[in-house]
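Please treat every number below as a calculation from the coordinates, not as lab data. Please read these numbers as outputs of a predicted model, since none were measured by experiment. Methodologically, a virtual Cβ is constructed for each residue, glycine included, from the backbone with ideal geometry; neighbour enumeration extends over all protein chains shown.
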Amino acid sequence: NAGVTQTPKFQVLKTGQSMTLQCAQDMNHEYMSWYRQDPGMGLRLIHYSVGAGITDQGEVPNGYNVSRSTTEDFPLRLLSAAPSQTSVYFCASSYGGGVGTDTQYFGPGTRLTVL
Amino acid sequence: AQSVTQPDIHITVSEGASLELRCNYSYGATPYLFWYVQSPGQGLQLLLKYFSGDTLVQGIKGFEAEFKRSQSSFNLRKPSVHWSDAAEYFCAVGAINKFYFGSGTKLNVKP
């Protein structure tokens, strides 16, 4: 199993550009989530999904959109990038119990810089 | 409001010495508690977790943690640190569809 994969690994955007961060998992996990990691702040939950077709907001959802059309994929969209979205983004998946009640498996991260 | 506090930003220990990383949480009910480790440039890996039962939990790589409800703490320990343990450690509190991380503790290991 590849586990949780994320692409790209690095990305530089200009303010106002849009892009999609890709996340895929091959463990047949129902729960998937996106986090951002900023220095000195740990990871913060952006959006999560409890299954195909079902998404909800986490702690810091503003400026991000998600969709979940398949169990495997959970892309994160930035519609109009802002410098405040410069961060490292992690995707995670878990088998059951909800986003916060089971072991989460993390991808390797995407380092995003917005100029 | 839920919160997780890791009071030590950086810790340096000598190889072979014991280690304790502190974690305090604020949550209304009994939370789900986790410790994750992040090596430089890598994703996060679960070390151990506590859901219920025995308050002393064993994890991978020789780590253990003890849940103390009265102190709202979930400290991570290792009796003898190896150079490969140098990394950043995150305590986290979870509930259904909620997950809160502490700000992390960076561990340096002196030879």
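Quick notes
- Shape call, chain A: gyration tensor on alpha carbons, a/c limit 1.5: prolate
- Relative contact order for the stretch B:16-80, counting Cα pairs under 8 Å that sit 6 or more residues apart, in percent: 40 percent
- Likely footprinting exposure, B:SER84, B:SER72, fewest C-beta neighbours within 10 Å first: B:SER84, B:SER72
- Residues B:SER73, B:SER80, sorted so that the one with the fewest Cβ neighbours within 10 Å comes first: B:SER80, B:SER73
- Taking chymotrypsin sites (Phe, Trp or Tyr not before Pro) across the stretch A:1-96, the ones in a DSSP loop with at most 15 further Cβ atoms lying within 10 angstrom of their Cβ are A:TYR95.
- Qualifying lysines (Cα of each under 24 Å from Cα of B:LYS110; at least 8 residues distant if same chain): B:LYS61, B:LYS78
- Other protein chain C-beta atoms within 10 Å of residue C-beta, averaged over B:98-107: 5.
- Prolate/oblate/rounded label for the stretch B:33-111 (Cα gyration tensor, a/c 1.5): oblate
- Counting only the Cα atoms, the protein assembly as shown fills a convex hull of 122 Å³ per residue.
- Rounded, prolate or oblate (a/c below 1.5 giving rounded, otherwise prolate when a/b exceeds b/c) for the stretch B:23-62 by Cα gyration tensor: oblate
- More than 17 Å apart - percent of Cα-Cα pairs taken over the stretch A:1-44: 52 percent
- For the stretch A:1-45, relative contact order (Cα pairs under 8 Å, six or more residues apart, normalised by length) works out to 36 percent.
- Difference of contour (0.36 nm per residue) and Cα-Cα distance, A:ASP26 to A:ASP56: 8.6 nm
- Each residue, B:SER72 and A:THR5, gets one label point 7 Å from its Cα in the Cβ direction; the gap between the two is 4.3 nm.
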